[in-house]
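The values are calculated or read from the model by the stated rules, or taken from the named source; none is laboratory data. Being a predicted model, the structure only gives us computed values, none of them experimental. When we count neighbours, we look across all protein chains shown, and the Cβ atoms used for this are built from the backbone with ideal geometry, even at glycine. With ligands, DNA and RNA removed, areas are computed over all heavy atoms of the protein, side chains included. Shrake-Rupley method; radii C 1.70, N 1.55, O 1.52, S 1.80 Å.
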Amino acid sequence: MKKKFFSILSLMFVSLMATISFSSCSQDPEAPKDETLNKLHDDPTKIVLTLASGHFHDVMFHQDADIEGLEYMKSVQTITYELQEGKGMAIAPGSADKFVVISGDDDIQSAYGLWIRYYNKKGEEITGHFIENGQDQIHQHFFIPKDVKPLGNLSVAEADDNDPAKFFQYTYMDTTPWDKTLKDAGTKLTGKDNPIGMKGWFNFMKSRKTFTLNIRLMHARISKFKDGKTSPFYAPSNAQKLSDHWDINIDVPFIVAHSRKEENNWDEDDDVAYNDLGEESKKMIQAIATAYGISNEQALAAFQTRINHAGAHNHDDLWF
């Protein structure tokens, strides 16, 4: 009888411990989902970067018109990156190998819009895969200038050259829907509250500089938001750098040739020869020539064509 009693107690004890164990496990917090294990998008094998100088209609960015026959100093520039064996994501053969831009400042804006498009190995555009189905909550582009140097002997290094906040300004101009523009009915500007960076605009603040723009696309493990906020466009947090996945990390060459203020101050005759230019005008033309790798005479001809001929203001051109 005693033996049977202890057997019953033993069974009751085992049952009680199992119940406690199950209860304890069921109350444990659910482990955060690692989004990188289920990315819901292909890995890009091609990236197309389109950069355009532009102006604004209220808050709507619109590209400047390109001038027919202008070989240099065009409004719209494109660089294509492709996944290449032994190189990773690199500039595609036949693509332009740098962007050349004009600087502005706090008083005279020089706006450049950047559109980023992604494609898979089948050649299908997959840009929307980084935005749709909740992917907008975990993706954000960062734009980080590095290796800032004087443009040849036309300028000097400055102490704040590598301070991103002083080198350029960037504004996220993402919209909902992502593939519509602000002139389309029902489209909302959502880049301020939910920055992704598929489209946005720059104002470069220094001229006579070369630099590399490091473009990185973060795929957050849980969320890109912390306390309802995201990191600045040029500064992912240390935690993001260490813990999150990076879908894209490319370096894009840039040259900032001259400034919008210099253009506004240009008062040379339309038929002036390079050797007859004033000293300040010569410096600007030399900067343009160096940026494009052409002669001073070619640079002067291109500049005069651009400022003396207006292109058609086409409403079917690039908009945010």
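Past 25 Å, Cα to Cα: identify those pairs from 146/180; 122/146; 166/283, in the order given.
Correct reply: 146/180; 122/146.
Which angle between 0 and 90 degrees, to the nearest 10, do you get for helix 279-292 versus the longest principal axis of the chain when only C-alpha atoms count?
Roughly 50 degrees, rounded to the nearest 10.
Answer rounded, prolate or oblate for the range 38-92, using the Cα gyration tensor with square roots of eigenvalues a ≥ b ≥ c: rounded when a/c is under 1.5, else prolate when a/b is larger than b/c, else oblate.
Numbers: a/c = 4.97, a/b = 1.64, b/c = 3.02.
Cα axes put the range 38-92 in the oblate bin.
Short version: ³J(HN,Hα) in whole Hz for each residue of the range 128-133, in order, from phi by Karplus 6.51 cos²θ - 1.76 cosθ + 1.60 (θ = phi - 60°), x for Gly and Pro, what are they?
Result, rounded to whole Hz: x, 5, 8, 10, 6, 6.
Quick check: with the 1.4 Å probe, what order do 319, 178 take by accessible area, largest first? Numbers along the way, then the final one.
Values: 319 20, 178 50 Å².
Highest to lowest solvent-accessible surface, that is 178, 319.
Sketch the reach of a paramagnetic label on residue 226 as a point 7 Å from Cα along Cα-to-Cβ, and name the residues of the range 174-197 whose backbone nitrogen lies under 17 Å away.
195
With a 1.4 Å probe and all protein chains kept in place, how much accessible area does residue 245 have, in Å² rounded to the nearest 10?
70
If you average the C-alpha positions of the range 236-305 and of the range 168-200 separately, how far apart do those two centres end up, in angstrom?
Taking the Cα centre of each part, the range 236-305 and the range 168-200 sit 27 Å apart.
Each residue of the range 148-159 in turn: what ³J(HN,Hα) in whole Hz from Karplus with 6.51, -1.76, 1.60 and θ = phi - 60°, glycine and Pro shown as x?
In residue order, the calculated couplings are 6, 9, x, 7, x, 9, 8, 7, 10, 5, 10, 4 Hz.
Under 8 Å for C-alpha pairs, at least 6 residues apart: give me the relative contact order for the chain, rounded to a whole percent.
Working: 578 pairs, mean separation 70.0, N = 320.
Dividing the mean separation by the residue count of the chain yields 22 percent.
At 1.4 Å probe size, with no ligands or nucleic acids counted, give the accessible surface of residue 43 in Å², nearest ten.
Near enough 90 Å² of accessible area.
Rounded to the nearest 500, what is the chain's calculated 222 nm mean residue ellipticity when only DSSP H runs of at least 4 contribute -39500 (n - 2.57) each, over all residues? Can you show the working numbers first?
Numbers: 6 runs with 68 residues, N = 320.
So the helix-based figure for the chain works out to -6500 deg cm²/dmol.
Taking N as the number of residues in the chain, what is its alpha-carbon radius of gyration divided by 2.2 N^0.38 Å?
Details: Rg = 27.2 Å, N = 320, 2.2 N^0.38 = 19.7 Å.
After normalising by residue count via 2.2 N^0.38 Å, the value is 1.38.
How much of the accessible area of the chain, in percent, comes from carbon and sulfur atoms when a 1.4 Å probe is used?
50
Give me a comma-separated list of calculated 3J(HN,Hα) values for the range 202-211, in order, Karplus coefficients 6.51, -1.76, 1.60 applied at θ = phi - 60°, integers in Hz, x for any Gly or Pro.
Per-residue couplings from phi come out as 10, 10, 7, 9, 10, 10, 6, 10, 10, 6 Hz.
Under unit Cβ charges (Lys, Arg +1; Asp, Glu -1), what dipole magnitude, rounded to 20 debye, does the chain have relative to its Cα centre? Present the calculation step by step, with values, prior to reporting the outcome.
Details: 34 positive and 47 negative charges, 510 e Å.
About 2460 debye.
Among 109, 181, 133, flag the residue with its Cα farthest along the positive direction of the charge dipole of the range 109-211, charges on Cβ as +1 for Lys/Arg and -1 for Asp/Glu.
Highest projection toward the positive end goes to 109.
What accessible area per residue comes out for the chain, rounded to a whole number of Å², with a 1.4 Å probe? Intermediate results must be reported in sequence, preceding the final value.
Numbers: 17450 Å² over 320 residues.
On a per-residue basis, 55 Å².
Only Cα pairs under 8 Å and at least 6 apart count here; give the relative contact order of the range 165-266 as a rounded whole percent. Could the numbers behind the result be given before it?
Numbers: 136 pairs, mean separation 29.6, N = 102.
Once divided by the residue count of the range 165-266, the mean separation gives 29 percent.
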